[in-house]
1. Residues in the range 65-78 that are open to solvent by 40 Å² or more (accessible area, probe 1.4 Å) and either modelled with pLDDT of 75 or more or assigned to a helix (DSSP H, G or I) (or both): how many?
2. Which condition breaks for Thr222 when tested against (1) at negative phi; (2) surrounded by 17 or more Cβ atoms within 10 Å (Cβ to Cβ)?
3. Could you give every pair whose Cβ atoms fall below 7 Å, whose first residue belongs to the range 96-118 and is open to solvent by 10 Å² or more (accessible area, probe 1.4 Å), and whose second residue is acidic (Asp, Glu), counting only separations of at least 6 or pairs across chains?
4. Identify, by number, the condition in (1) modelled with pLDDT under 95; (2) surrounded by fewer than 19 Cβ atoms within 10 Å (Cβ to Cβ) that Phe129 doesn't meet.
5. For the range 171-181, indicate whether the set of residues that are surrounded by 17 or more Cβ atoms within 10 Å (Cβ to Cβ), at pLDDT 95 or above, out of contact with any Pro (no Cβ under 8 Å at 6 or more places or on another chain) and not acidic (Asp, Glu) is non-empty.
6. What do you reckon, is Leu144 buried (at least 23 other Cβ atoms within 10 Å of the Cβ), in a strand (DSSP E or B) and in contact (Cβ under 8 Å) with a residue 24 or more places away in the chain?
7. Return the residues of the range 238-270 that are in contact (Cβ under 8 Å) with a residue 40 or more places away in the chain and in a helix (DSSP H, G or I); say none if nothing qualifies.
8. What single numbered condition from (1) of a type outside the set (A, V, I, L, M, F, W, C); (2) surrounded by 23 or more Cβ atoms within 10 Å (Cβ to Cβ); (3) within 20 Å of Arg280 (Cα to Cα) fails to hold for Pro136?
Amino acid sequence: MTVHESIRKAFAGKLWYVHEQKMNEILALLAVAGAAGIEALRKEHEMRAARPVSIASDRAGTVSLIPIQGMISHRNSAFSYFFGGTSTEDLTQQIRQAANDPMVSAIVLDVDSPGGDVDGVDELAQEIFQARKLKPITAVSNSLCASAAYYLASQASEVVVSPSSLTGSIGVYTMHEDDSEALADAGIKLTLIKFGENKAEGNPYEPLSDPAREHLQEMVDTFGEQFEKAVARGRGVKQDDVHSRFGQGRVFDAQKAVKLGMADRVGTLDEVLAKHGARRMPNSRSRATAFLAADGDAPKTKRVDGEDLEKSAFAYRASDKLEDWKLPIEFSTEEKTKTHIRNAIAMWSRTEMPDAEEKKLARGRIQAAAKKHDIDVSDGDLAASEYADPQAEHAARMRRIELASA
């Protein structure tokens with residue numbers, strides 16, 4: 001049995017919130033890729049994977065950008081190992097952290113996903129819907145937001161679709177593979193020994209029975225109803241409207257998605273970030289992005305320590321490049337400046353610099369700025385990383401900053 005056949009059989013019997021065309025593309029690729037090709041594909045997706053990023057804004061607070069990319073699964077399964085993607089467990093933790101972080105003023109979901117399996121999707125959708133009561137959440141279709149991905153995006157405060165995007169694919173499906181004739185042709189006869197009348201129904205070694213088909217249809221209908229109810233809740237419409245107007249499995253271009261009420265407006269990720277006072281710049285090391293504060297009305301030539309700069313000062317950035325560590329910035333208001341200094345403290349442990357002397361100077365700048373603006377900062381806040389997990393380190397720093405600023 002080839003790798004392609006093994007993975008195809010693993011698909012059978014599962015319930016999917018996924019765009020069928022994308023699934024067919026994956027299966028077609030598997031048919032010709034072979035093991036080496038699949039491994040190369042896995043590495044490409046791994047390289048493109050992005051982590052949540054806190055973006056300094058020229059307004060109060062920061063923007064948490066959370067990517068929802070690739071196939072969606074409940075945990076980091078073998079499927080996501082091969083094809084890259086996002087787990088609902090990881091996303092749940094990221095949403096909770098951003099929603100409860102006093103320094104995060106808004107959350108942006110960067111969505112580029114065909115969907116995935118049903119496990120954990122509704123639970124995560126509820127997390128997003130509850131989180132939007134605490135912080136504004138914008139989901140951006142950038143540029144495929146299908147099935148499970150739309151299930152999640154529809155729970156945001158606002159859905160924005162990029163001009164070239166496809167959005168929708170509301171529905172559920174499963175499949176049954178009948179290998180009985182192939183086995184017979186090969187001279188193989190299997191006998192199932194089971195306990196329980198319905199145990200092993202829908203197996204691939206015999207034709208699908210009518211009762212088994214009815215049961216599978218019942219499960220598909222149940223999850224389909226759940227999908228439509230969630231979209232209706234998130235979009236503030238009736239379930240009948242979702243069923244009749246939102247395509248029943250079709251995806252739509254940006255203008256059509258807005259016209260149907262599936263999205264609020266057409267726009268790009270950069271435009272959404274700009275609305276929150278932030279903008280991004282590319283990071284050549286991965287698809288993950290680093291960010292600059294939007295210029296806004298912030299002075300361009302003064303750091304907090306008073307040093308003049310010839311160009312716009314950088315906001316904090318997790319980077320090992322010396323030239324990127326221009327911290328901190330004097331903003332036009334005391335509130336903005338304090339927020340930025342706290343961001344700098346929180347990001348300290350995630351920023352590595354090759355020049356120890358320059359990092360010592362940067363540390364001194366932050367300490368001086370904190371003192372000037374009455375922000376308590378301890379040596380521990382600006383010490384070397386104490387955690388193996390950068391997210392755990394970041395969360396710990398944020399908690400200390402919150403206590404210090406209370």
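The values are calculated or read from the model by the stated rules, or taken from the named source; none is laboratory data. In this text the structure is predicted, and so the values were computed from the model without any measurement. Cβ: placed from backbone, ideal geometry, glycine included. Neighbour counts: every protein chain shown. Note: accessible area is taken over every heavy atom of the protein model, side chains too, but ligands, DNA and RNA are not part of it. Shrake-Rupley method; radii C 1.70, N 1.55, O 1.52, S 1.80 Å.
1. Start the filter on the range 65-78 by keeping residues that are open to solvent by 40 Å² or more (accessible area, probe 1.4 Å), which leaves 74-78.
So of that shortlist, the ones also either modelled with pLDDT of 75 or more or assigned to a helix (DSSP H, G or I) (or both) come out as 74-75, 78.
Total meeting the criteria: 3.
2. All conditions pass for Thr222, except number (2).
3. Sorted first by the residue in the range 96-118, then by its partner, the pairs are Arg96/Glu127; Pro102/Glu402.
4. (1)
5. Yes, the conditions are met somewhere in the range 171-181.
6. On the way: buried (at least 23 other Cβ atoms within 10 Å of the Cβ): yes; in a strand (DSSP E or B): yes; in contact (Cβ under 8 Å) with a residue 24 or more places away in the chain: yes.
Yes; evaluated as a whole, the condition is true for this residue.
7. Taking the range 238-270 and keeping what is in contact (Cβ under 8 Å) with a residue 40 or more places away in the chain, we get 242, 246-254, 257-258, 262-269.
Result: Val242, Ala254, Ala257, Val258, Leu269.
8. (2)
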